[in-house]
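The values are calculated or read from the model by the stated rules, or taken from the named source; none is laboratory data. Here the structure is a predicted model, which is why all the values come from computation and not from measurement. A quick note on method: Cβ atoms are made from the backbone with ideal geometry, for glycine too, and the neighbour counts reach across all protein chains shown. These area figures cover heavy atoms from the full protein model, side chains too; ligands, DNA and RNA do not enter into them. Shrake-Rupley method; radii C 1.70, N 1.55, O 1.52, S 1.80 Å.
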Amino acid sequence: MKAVIMAGGEGTRLRPLTSNQPKPMMPLANRPMMEHIVTLLRRHGFEDIVVTVAFQANQIRTYFGNGAEFGVRMVYATEETPLGTAGSVLNARDELDERFLVISGDVLTDIDLSAVVRFHDQRAAMATLALKAMENPLEFGIVITREDGSVDRFLEKPTWGQVFSDTINTGIYVLEPEIFDHIEHGQPVDFSSDVFPAMLEAGKPLFGYVAEGYWEDVGTIDAYVKAHQDVLDGRVDVEIPGFRLGEGVWLGEGSEVHPAAKVEGPVIIGDYCRIESGVHLREYTVLGSNVRVSADAYLDRAVVHDNAYLGPGVRLRGCVIGRSSDLRRGARCEEGVVLGDECYVGEHAVINPGVKVYPFKTVEPGAIVNSSIVWESRGARNLFGRQGVAGLANVDISPELATRLAMAYGTTMKRGSTVVASRDTSRAARVLKRAVMVGLNAAGIDVNDLEVATIPLTRFQVRGGRSSGGITVRLAPDDPQSVIIRIFDSTGLDINEAAQRKVERLFYREDFRRALAGELGDIGFPPRTLEYYTAVLMEQVDLDGIRDAGFKVVLDYAYGAASFVMPNVLAKLGADVLSVNAYASTRQGLTFDRWQHAGEVGELVRAAGAHLGAIIDGDGEHLTLIDETGRVLTDDEALMALLSLVVTTKEHACVAFPVSVGRAAEQMCQQAGARIIWTKLSTPHLMEVAAGPGIDFAGSQEGGYMFPRFLPGYDAVATLVHLLNLLALTGTRLSKVVSSLPTFHLAHEGVVTPWEQKGMVMRTIVERTKDHELVLVDGVKILYDDGWALILPDPEEPVTHVWAEADGDAEAKSRAQEHARRIRQMLR
């Protein structure tokens, strides 16, 4: 006996979950609803199945195929236009030449189908309807039967005054082929409202069988959530994938649950999930496959679909999260919230009860969402951030994204150009760099692969190797689960905003150049890059003077690629070096706290009687300094110390600093007859200015320093070599340089500012401070007699930053707080 599964519905009441998938494919207990129906049919001996499809039919065909994987034979009948329940079955008439059963593909049930068929046979019926007693029958069609089971009346969605029975039509029918004589061809026809009433009026043998068992029309979000609870409570007999542990916990293959996580059953955890320390999964929570729940998250009655990422401290209560959604630290979804597929919810955003967010939407960090997001969206998040393309490895930054990004970047160049590629020591970077090289080759770009290398070495090779650009993949310094893809232009500098926008346009349109087989790029390995780098660096300093000084240095490599570079350099300097963490680590799951390590280096400096200590970060860009007394210098102190040495040893020096650097820099330059150029806070702009003619030194307040005559980019190795050279030239100790620095007092405040109000805030500040002298290089810098205040919107977060300087710490803090208070008043 054959069965017909009706799977053509759009499931409009389940949107946004069904916005981009047919309702029968909605996961229920980690399997599509229709798969539960197929399993039920096979259990009752129905092995030949006809599936009527319409809305997004390919998703159903792709998943089920010919049915062999599910132990049945499946064929498909496609509706080109909506035909109704009876019309869709008529559309499959060629496959139905004998008695058959009809069932919806988007319900949850364990009704005994064999009993329905037996009842049909016993009554010699033309049509038998499976009926179910329901507590609230108002939303369904009521069927009233006589004592022998024959149908007496139909009531479609009655009022309570019309309810003379509680038996409703489940949409499960056993039909004889003669039923087709009562279905009009080519017109939308329904069984319940058209065919069965007509048959009843014509006196045809029409019966209703009141079935036992479970039946639920999963037509709304509330019903969808309730169906999961019924599955977990065992009220319906369906197969739940995974291994059942005690207390009603189902655990999928390859899933990891941290011992410090708390799981209160009943709960379903799908395949290859990862539940981190401090997570609390409460009852009726269902996780799909490959869901990652980060530390201290709390989930209560939440249904989370496949491939979702839940950041640290996320709170979900009675909500549904669509496939591949990304919820960041502290995000919260309240009762009744529904997120469609591939939604992004920023840090500490709150989505209030009942809100629906349609697929592919972005909720900004810190936002409070009170109404549904259907059309509104900022669009895709900016691809490029402050440092490059950053995100969680294999979540935001997948191999597919890395390949597409590289193809977009390669498309901006002439075919046959060469790009230098490198990575850090991590496995994540290794995987993604390979994807990057594939994308570049596919766009017809050759790759010079440095394999593991520091960022400065990569820049150096780009500048000296006749390359059109460079690209490097590294772990984020403050998050070992995140990666950053940095892209360089032909000068070795980070590509500017115009180039970023060009790459973004190509990326989002997928408007890539695809090279033919004979035009695909090649991969090469440039020789002696490290030797050339060392030789050119040594030409920049007084090598004999450094050797004569006989420096003793404690050096922490932070497990990074600089451990490959420095031995070559140190061999030329003749310094006595005590190395710490001098090996390359994959750094998977390792966070390097530079201030903690700096304290340990300080102790070693004192114990060894060294001249100074230094930490080179894993990327080789940033440097942390420790003087000979073991005192760790702040980034501001290190910047001022290097500036002091530069302007002391170089007449009429020219330096470049971001506008947030304190007045001490101006004072030192004025006293030494040096010139200072102010730049934006962005690293690409600082490097662009540093690459200009005549710049002797540039630096940031984050431990990044440049000696542009060698390389106009942050380079910790070059900075350390130049520092030793400057100390040798002046014959002084680092502690003495620091002690002679003028005092400076800086403070910082941050004000949460919605994106749409940032422009208003900056315009209002300019209007209200027009009586003051302003510097408009980056943000609004308001000058006072005893200092300044800088107001600057954050380019990536809904925050406005306030920096302030004054004659004392208390005054600087008060000034920053005052401007922050004014901004909050503007927002109110």
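If we scan region 714-730, do we find a residue that is without any contact (Cβ under 8 Å) to a residue 24 or more places away in the chain, within 27 Å of Pro793 (Cα to Cα) and of a type outside the set (Val, Ile, Thr)?
For region 714-730, residues without any contact (Cβ under 8 Å) to a residue 24 or more places away in the chain, within 27 Å of Pro793 (Cα to Cα) and of a type outside the set (Val, Ile, Thr): absent.
Have a look at Arg415, Arg434 and point out the one that is under 28 Å from Ala498 (Cβ atoms) and of a type outside the set (A, V, I, L, M, F, W, C).
The unique qualifying residue is Arg415.
Condition first: hydrophobic (A, V, I, L, M, F, W, C) and more than 24 Å from Asp296 (Cβ to Cβ). Now tell me which residues in region 233-271 satisfy that.
Val236, Val238, Ile240, Phe243
Among all residue pairs at least 6 apart or on different chains, which show Cβ distances below 7 Å where the first residue, located in region 645-672, is at positive phi and the second is at pLDDT 90 or above and surrounded by fewer than 21 Cβ atoms within 10 Å (Cβ to Cβ)?
Matching pairs, first to second residue: His652/Gly673.
What are the residues in region 1-26 that are out of contact with any Phe, Trp or Tyr (no Cβ under 9 Å at 6 or more places or on another chain), open to solvent by 30 Å² or more (accessible area, probe 1.4 Å) and not β-branched (Val, Ile, Thr), if any?
The one that is out of contact with any Phe, Trp or Tyr (no Cβ under 9 Å at 6 or more places or on another chain), open to solvent by 30 Å² or more (accessible area, probe 1.4 Å) and not β-branched (Val, Ile, Thr): Arg13.
Given the options Gln701, Gln671, name the one that is part of a loop (DSSP other than H, G, I, E, B), under 21 Å from Leu741 (Cβ atoms) and out of contact with any Cys (no Cβ under 9 Å at 6 or more places or on another chain).
Gln701
Taking Tyr214 as meeting all but one of (1) of a type in the set (Ser, Thr, Tyr); (2) out of contact with any Gly (no Cβ under 9 Å at 6 or more places or on another chain); (3) closer than 29 Å to Ala297 by Cβ, write down the number of the exception.
(3)
Consider Thr753 carefully, then state whether it is open to solvent by less than 40 Å² (accessible area, probe 1.4 Å), within 24 Å of Arg828 (Cα to Cα) and without any contact (Cβ under 8 Å) to a residue 24 or more places away in the chain.
When the stated conditions are applied, Thr753 does not pass them.
Could you tell me how many of the residues in region 31-59 are crowded, with 21+ Cβ neighbours inside 10 Å, outside any helix (DSSP H, G or I) and in contact with a strand residue (DSSP E or B) (Cβ under 9 Å, 6 or more places away or on another chain)?
Matching residues across region 31-59 total 7.
Determine, yes or no, whether Glu283 is open to solvent by 10 Å² or more (accessible area, probe 1.4 Å), modelled with pLDDT of 90 or more and assigned to a loop (DSSP other than H, G, I, E, B).
Here the answer is yes, as Glu283 does meet what is asked.
When residues of region 647-667 are filtered for being surrounded by fewer than 23 Cβ atoms within 10 Å (Cβ to Cβ) and among the hydrophobic types (A, V, I, L, M, F, W, C), how many remain?
4
I need every pair where a residue in region 48-62 that is under 23 Å from Arg99 (Cβ atoms) has its Cβ under 7 Å from the Cβ of a residue that is of a type in the set (Phe, Trp, Tyr), sequence separation at least 6 or different chains.
Val51/Tyr76; Val53/Tyr76
As an exercise: evaluate Asn441 against (1) among the polar types (S, T, N, Q); (2) assigned to a helix (DSSP H, G or I); (3) open to solvent by less than 20 Å² (accessible area, probe 1.4 Å) and give the number of the one condition it does not meet.
Asn441 satisfies all of (1) among the polar types (S, T, N, Q); (2) assigned to a helix (DSSP H, G or I); (3) open to solvent by less than 20 Å² (accessible area, probe 1.4 Å) except (3).
Hey, among Val174, Val195, which residue is at pLDDT 85 or above, under 27 Å from Leu83 (Cβ atoms) and touching a His at 6+ places or on another chain (Cβ under 6 Å)?
Val174
Counting only residues that are open to solvent by 50 Å² or more (accessible area, probe 1.4 Å) and of a type outside the set (A, V, I, L, M, F, W, C), how many does region 773-795 have?
4
Residue-wise test of (1) more than 24 Å from Ile275 (Cβ to Cβ); (2) touching a Ser or Thr at 6+ places or on another chain (Cβ under 6 Å); (3) in contact (Cβ under 8 Å) with a residue 40 or more places away in the chain.
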position: Val320; (1), (2), (3): no, no, yes
position: Leu327; (1), (2), (3): no, no, no
position: Pro359; (1), (2), (3): yes, yes, yes
position: Ile373; (1), (2), (3): yes, no, no
position: Phe384; (1), (2), (3): yes, no, yes
position: Ala393; (1), (2), (3): no, no, yes
position: Leu401; (1), (2), (3): yes, no, no
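Give the residues of region 568-581 that are surrounded by 15 or more Cβ atoms within 10 Å (Cβ to Cβ), of a type outside the set (Lys, Arg) and in a helix (DSSP H, G or I), sorted by residue number.
If the condition is that a residue be surrounded by 15 or more Cβ atoms within 10 Å (Cβ to Cβ), of a type outside the set (Lys, Arg) and in a helix (DSSP H, G or I), then Asn568, Val569, Leu570, Leu573 are the ones that fit.
Just to be sure I understand, how many residues within region 212-247 are among the aromatic types (Phe, Trp, Tyr) and part of a helix (DSSP H, G or I)? Walk me through it before giving the result.
Of the residues in region 212-247, the ones among the aromatic types (Phe, Trp, Tyr) are 214-215, 224, 243.
If we keep only those that are part of a helix (DSSP H, G or I) too, we end up with 224.
Qualifying residue count for the region: 1.
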